[in-house]
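Undergrad: Have a look at this one.
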Amino acid sequence: MNPELQGKVGVVIVAAGRGERAGGPGGGPKQYRSIGGRAILDLTIERFVNHPRIGPIVVVIHADDEELFHTTCGPRNDRIGCVIGGMTRQASTLAGLEWLERHEPEIVLIHDGVRPFIDASLLDRVVDSIGPAQGAVPALPVSDTLKRVTPDGLVAETVPRGNLFAAQTPQGFPYDAILEAHRRAASEGRDLFTDDAAIAEWAGITVRTVEGSTDNLKITWPEDLAMADERLAERRFFPDVRTGNGYDVHSFEAGDQVTLCGIAIPYRRRLSGHSDADVGLHALTDALLATCGGGDIGVHFPPSDSQWKGAASTIFVEHAVRLVREKGGRIANADVTLICEAPRIAPHRDAMTSKMAAMLGIEHTRVSVKATTNERLGFIGREEGIAAIATATVVYPGDLPE
């Protein structure tokens, strides 16, 4: 694919079906069934979100599933939309294609919401094979012997399997061409196409096959669910471990104590800041936010907001911890290094460690507070202020991006 198309690859994920073959009716539509502790559809969406060549994404859902979708698959960023589908898969796909029109994609990938194991290399193969007048479909050669059967179950003939392939998704096309084909099919009442490649063939769009993947399972039956859950369990050997860093610095001003890592220490000056200027906890807050893409402390607690004037910085850390836990994160450890000539940190290290462990909800053995001087160099060496560096390690549910 031309590098100039970066971000111009739109995606339609079709997930409006009522398929119950994956279990009893009480379990709900299969796309919202859980594997590895997450909804199938949520895992499918993530595969596209994590791919660097993908631009706008729209998920087509059933009208009855809006709350279910947002509960199991949200929140998402602005480049991901949601639209209500139609009575058939074909109608739902057209709804998704029309939603994408505002984003003006060059090409589009159309994917089944219940294929959560699509990998990055397969996505690249499909995208790279799409041309101005050519679509691409991942496919695997048929390996089983095929039988044509009569209505009463008798074998009528054996079908030669040479040149027969099983089509998968995502199926990719030049966007304008497939949109026009779908619109024409709808206007002519042609609604029996089994996939988007069939519509493309009917409309005269050339379709090329690319190598599919045996991992690209379409979850249909109860045994598919069990197999998918087992597959994710095997992948848990590669947990999603994220490390965030934070740095902060505050200058001194007149005062009689400094607050560091939640502990007030008598001193001949204090640190200047809008809150209590706890440089250690500010760095720790940024480190925690970094593990979940949460921005920095100023995004959540802007200095321009008067309600945070003089506030205890424990509030900031506890807020970051809540955000981490809401995303399923488990804090593994936290490490803060204070850089200053004075005051002495060693006498207060145990109190700091205990205070931080309570904020983070972890054992004190998973928290470290260290101190070092700046060897009398720079503003720290001149005792004009204190700096802090923090590192936090958080384990999140799910697979690492491929």
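Undergrad: Could you list, in sequence order, the residues of segment 314-364 that are among the small types (Gly, Ala, Ser), within 14 Å of Leu289 (Cα to Cα) and surrounded by 16 or more Cβ atoms within 10 Å (Cβ to Cβ)?
TA: If the condition is that a residue be among the small types (Gly, Ala, Ser), within 14 Å of Leu289 (Cα to Cα) and surrounded by 16 or more Cβ atoms within 10 Å (Cβ to Cβ), then Ala320, Gly329, Ala334 are the ones that fit.
Undergrad: With the condition kept exactly as written, say whether any residue in segment 242-250 is at pLDDT below 95 and in a loop (DSSP other than H, G, I, E, B).
TA: No, there is no match, as no residue in segment 242-250 is at pLDDT below 95 and in a loop (DSSP other than H, G, I, E, B).
Undergrad: Moving to a separate point now. Give me the strands (runs of 3 or more DSSP E) completely within segment 112-165, filtered to those with at least 2 residues that are of a type in the set (A, V, I, L, M, F, W, C) and farther than 28 Å from His51 by Cβ, ordered by residue number.
TA: By residue number, 146-149, 155-159.
Undergrad: Right, another one. Out of the residues in segment 147-185 that are without any contact (Cβ under 8 Å) to a residue 24 or more places away in the chain and under 22 Å from Val210 (Cα atoms), which is surrounded by the most Cβ atoms within 10 Å (Cβ to Cβ)? Step through it out loud before you land on a result.
TA: Filtering segment 147-185 for residues without any contact (Cβ under 8 Å) to a residue 24 or more places away in the chain gives 147-164, 176, 180, 184.
The next check asks that each one be under 22 Å from Val210 (Cα atoms); those that pass are 160-164, 176.
Working: Pro160: 9, Arg161: 13, Gly162: 7, Asn163: 7, Leu164: 13, Asp176: 15.
Among them, the one singled out is Asp176.
Undergrad: Identify, by number, the condition in (1) at pLDDT below 85; (2) assigned to a helix (DSSP H, G or I); (3) of a type in the set (D, E, K, R) that Glu46 doesn't meet.
TA: With (1) at pLDDT below 85; (2) assigned to a helix (DSSP H, G or I); (3) of a type in the set (D, E, K, R) applied to Glu46, the lone miss is (1).
Undergrad: Of the residues that sit in segment 125-145 and are in contact with a Pro (Cβ under 8 Å, 6 or more places away or on another chain) and within 15 Å of Phe165 (Cβ to Cβ), which one is surrounded by the fewest Cβ atoms within 10 Å (Cβ to Cβ)?
TA: Arg125
Undergrad: Where residues in segment 166-192 are in a helix (DSSP H, G or I) and in contact with a strand residue (DSSP E or B) (Cβ under 7 Å, 6 or more places away or on another chain), which of them is farthest from Phe48 (Cα to Cα)?
TA: That would be Ile178.
Undergrad: Hey, another quick one. Of these, Leu232, Leu288, Leu217, which one is over 21 Å from Pro397 (Cα atoms) and of a type in the set (A, V, I, L, M, F, W, C)?
TA: When all the criteria are applied, what remains is Leu217.
Undergrad: Here is a follow-up. Can you tell me which of Ser187, Ser213 is farther than 28 Å from Arg125 by Cβ and among the polar types (S, T, N, Q)?
TA: Answer to the check: Ser187.
Undergrad: Kindly provide the set of residues from segment 382-402 that are in contact with a Ser or Thr (Cβ under 8 Å, 6 or more places away or on another chain), under 22 Å from Gln257 (Cβ atoms) and at pLDDT below 95, ordered by number.
TA: Across segment 382-402, the qualifying residues are Glu384, Gly385.
Undergrad: Take the residues in segment 95-111 that are in a helix (DSSP H, G or I), in contact (Cβ under 8 Å) with a residue 24 or more places away in the chain and of a type outside the set (A, V, I, L, M, F, W, C), then tell me which one is surrounded by the fewest Cβ atoms within 10 Å (Cβ to Cβ).
TA: Among those residues, the one meeting the criterion is Glu101.
The values are calculated or read from the model by the stated rules, or taken from the named source; none is laboratory data. Given the structure is predicted, the values throughout are model-derived calculations rather than measurements. Glycine gets a Cβ as well: all are built from the backbone with ideal geometry, and neighbour counts include every protein chain shown.
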